[in-house]
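One structure below.
The values are calculated or read from the model by the stated rules, or taken from the named source; none is laboratory data. Every value quoted in this text rests on a predicted model; they were computed, and no experiment measured them. Quick reminder, even Gly has a Cβ in these numbers, built from the backbone with ideal geometry, and neighbours come from all protein chains shown.
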Amino acid sequence: MEAARARGVHLGRPRKLTDKQCAMIETLLRNRHRGQTARQIAEQFGVDRTTMYRALREHALARPGSESAVSSPRRDSKKR
C-alpha cells in the first residue's frame, strides 16, 4: 500500500460526487430554486441527503481558507 501511495494511486472507494457537482449543489442549496428541499436536490444527483452534506463538508475542507456556505442541519444530541 505504501508503494501505491508513493505512486499517487488512489486507494479506497470512489467519491460519489465530483468537485464540480459539489459546487453546483452549493449553488442550488444557497438559492433553493423553485423551493426545492435538500432531499430533492440530493435525489437529482443520485445520492442520499447525508452523503450530499458529507461531500459538501469534505469539498469545503479541501479548499484552503474557505468555509462552506451550506451547513447540514444538526439534531440535538441529548442522551436520555
*Confirm whether Asp48 is of a type in the set (Asp, Glu) and touching a residue at least 24 places away in the same chain (Cβ under 8 Å).*
no
*asked:* If I filter the range 64-80 for residues that are at pLDDT 90 or above, among the aliphatic types (A, V, I, L, M) and out of contact with any Ser or Thr (no Cβ under 9 Å at 6 or more places or on another chain), do I get at least one hit?
replied: no
*Looking at Ala60, is it at negative phi, out of contact with any Ser or Thr (no Cβ under 6 Å at 6 or more places or on another chain), of a type outside the set (D, E, K, R) and in a helix (DSSP H, G or I)?*
no
